[in-house]
Structures are given as structure tokens and as C-alpha cells.
1. Quick one: accessible surface of VAL157, probe radius 1.4 Å, all protein chains present, in square angstrom to the nearest 10.
2. Measure out, as a whole number of angstrom, how far apart the alpha-carbon centroids of the stretch 1-73 and the stretch 183-207 sit.
3. What whole-number distance in Å separates the alpha-carbon centres of the stretch 253-310 and the stretch 127-177?
4. Once you sort the root eigenvalues of the Cα gyration tensor of the stretch 319-374 as a ≥ b ≥ c, which label holds: rounded (a/c under 1.5), prolate (a/b larger than b/c) or oblate (the other case)?
5. Name the long-range amide H neighbours of VAL37: under 5 Å, sequence gap of 5 or more, or other chain; modelled H, no Pro or chain starts.
6. Quick one: which residues, 5+ away or cross-chain, put their amide H under 5 Å from the amide H of LEU378? H built at 1.01 Å from N.
7. Quantify, in whole percent, the carbon and sulfur part of the accessible surface of the stretch 285-403 (1.4 Å probe; protein heavy atoms only).
8. What is the set of long-range amide H partners of ARG347 at a cut-off below 5 Å, with H atoms built 1.01 Å from backbone N?
Amino acid sequence: MARDGTNACDFAVIGGGIVGLATAMALCETPGARVVVLEAEDRVAAHQSSHNSGVIHSGLYYAPGSLKARLCAAGREAMFRFCAAHGIPHERCGKLVVAANADQMRRLDEIERRGHANGLQGIVRLDPARIREREPHAGGVSALLVPETGITDFGAVAETMAARVRASGGDVRTGARFARAARDGGALVLETACGPLSARAVVNCAGLEADRVARAFGVEPGVSIVPFRGEYWEIVPGRRDLVKHLIYPVPDPRLPFLGVHFTRLVHGGVEAGPNAVLALARHGYERSSFSARDTLELLRFPGFWRMGMRHWRTGATGSMRAQSPRALAKGLSRLVPAIRAEDLRYRGAGVRAQAVSPDGRLLDDFHIVEAERQIHVLNAPSPAATASIAIGREIASRVRMRLGDH
């Protein structure tokens, strides 16, 4: 299909995170196609794909019929199969979603309804006594047991996907930061740190840079990326028996975040978090991280101010928890009353690429924009890692439809 030469391909994927690599895997199934992945960093999965708690989500929360709900259901089972086939550590361990009071019980009813509508078969409602049977130290007045939830190492998954792409004849180029794009007849020419690349079609899976990449192609994404740093803590070894599996709160329906929770990690240990706070740099993993460019863009974006007016209380709570382990422990104690600040140790952070609309709404569903010979993935928050294989197949199908390569 592609013209001869190392600088021409059929499909170029910008972004070597888990969604970009899953998309490349799916595109490699196109007979005769040459696929190239362009990753800006010196390794794949350098950002969101390796800075997370490794949860394989069940699809419990998402609005029935949404892209998230559909792709998470298919992607969850595909991810379990992929991990099993390639010897990647994983476990279908289940989780509890715990209601702390009567008001949260009403929201738990809605979550249970959504779970059944999304095809989950094993959901069980637990009273306080049965909660304690599974999690002896958990609090709460009611809970949902969701056995379809699991854990894995998504960094290892992404590395295996990159190996699969290469084994299928594709090319994964690291240190290949995208700079700009131009047209050359029926092809798109991408200028990168590794030189120019001509492609019949391009998929933008650039995550934290996705809106900028779209604009570089002359496509208005309709959203801007606002970075949120998710800070993770771990329970110190002598207190890890406080949590046996995964314990989540009932999430705030106004926000696309699940709230601070406890996660048992596939390689051992128990994690608490993430506590979400605004980041002043798109790659701002440290509390002191600052980018003048990123901050100026935020301040110039009307949606940022409207978002702030809507959610300032939530932002203040997150900032307080970031500064005070005691405040974080107080929030976590709604799930596990025995937890104390001294039981927690700072572990690190990830940065979430959250798409925000000009009216200040935080987009909850996956957001994909199509243009001529282009697919732009503008919002792929959790459960994108879980759903990545299904997302990749969906995008590959759309690309082939656009090019007439059915």
C-alpha cells in the first residue's frame, strides 16, 4: 500500500501510549499495510499509561449506551485475554463500592442499575455484615461487590503491545516528537524529530498533547486539555492488612473522577488515591512543576474559568488533601475507619489529560473527532487503559472506512 521508502507509510499513529499502541496493533491487521507509531519520549507508555493504579475496570459507572460503556465491556475481557496470552501479571480480584451514608445509598442504587444495564452479571449488594466478611476493616452502610474488576500492570501491557506491533511488521519510533503537518497530494506529511514521514492516514493518540496535535492539522478539537495531577500514596507495610482487595467510594456524579480509593497492586502493596489537583504543567508530576506555556494557555481558555466556578469546592478539598496527609486520611477513613495519616507514605503522581469544553464542562465520555484522513482521540480518560484493545479496533475500523479499505 505505502510508497517505497522508510519515510512513507499507510497509517501513522501519533502517541506511543496504550491507546496508540492498541490502535497500531489493530491497524497492523490490515493486509499489506505499513504502520508507524511516533512517540515523543525515549520509551513507550511514559505518561498516563504507566502512571496509574493498574485497575481493569468493569464498566460499572458509565451511562448505558455511551462509548465508554460499550468499549469498556468489550475491552475488559479483551484485556484479560491479552494478559493471559502474554504472561502479564493480572488478577480478576473484584472490588467493593461503599456507601458511607443514606444519601450515598441512593446514588449506589443508580450505579447498580447502570451496572446491570451495561451487562455486568455478578454484582451483589452487601449489607454491613457482609461488607466486613470481605473487608474486615471497611466501613459503610451498604456496598456493591463487583467481581468483574481486576488489576494488572498497564506499563507491561503497553510494552508487550509495542513488541506485537514490531512483530507484525510495524515500526515503533521513540524520540520522534511530532512538530507539524502538511499535505502532499493525497498524503499527509508529518515533520518529526526523526525526520519527515508521509502517511495515507493519521491517528492522533497524543494524550496530554492531543488538542495541540489536532490544531496542528488544522482541526478544531472543540475542547482543550486541562491537566490534573493525581497523587498516589501507599499504605506502609505493617498496615497493609487494613485492605484485602479494592475499595472505592460512591463517586460524585458531577465529576468524571472516582474519588480517592484503595487498590491492591498486582506486584504487591496497597495504594491509596489518586487525589486530583490542578497541574500547572501538562507533564507536571512534581508539586513544584510549572510550565509558563501550559499555564498561560489555561488562563486564556474561557472554559478553565467556568470550570473553576463550578467546581471550586472540589478543587479546594483536593488542594487541602495534597498539603495534609491528615486531610487525605480523613477522606479515606470514610472507607476504612482505622486508617491514619501515619499509615500513608507518598508514592508518586500521574497526570490526567482531561478534556474541558469552552462552557467549563469536564467531558466524561471518550471524545473522538474525525477529519479527512485523520482520527483525533481528544478525551481518553479512565477506563481507556482497560478499554484500549476495543478502542484500537474501533479506531482502526473508522480509519479503514474513511480510506475505503474495508
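The values are calculated or read from the model by the stated rules, or taken from the named source; none is laboratory data. From a predicted model like this one, the values you see are computed outputs, not experimental measurements. Cβ: placed from backbone, ideal geometry, glycine included. Neighbour counts: every protein chain shown. Surface accessibility is based on the protein's heavy atoms, side chains included, excluding ligands, DNA and RNA. Shrake-Rupley method; radii C 1.70, N 1.55, O 1.52, S 1.80 Å.
1. 0
2. 16
3. The two parts, judged by their Cα centres, are 20 Å apart.
4. Prolate, because a/c is 1.5 or more and a/b exceeds b/c.
5. Placed amide hydrogens put VAL13, ASP171, VAL172, ARG173 under 5 Å from VAL37.
6. Under 5 Å from the amide H of LEU378 lie the amide H atoms of HIS367, ILE368, VAL369, each far enough along the sequence or on another chain.
7. 53
8. For ARG347, whose amide H was placed from the backbone, the distant partners under 5 Å are TYR232, TRP233, GLU234.
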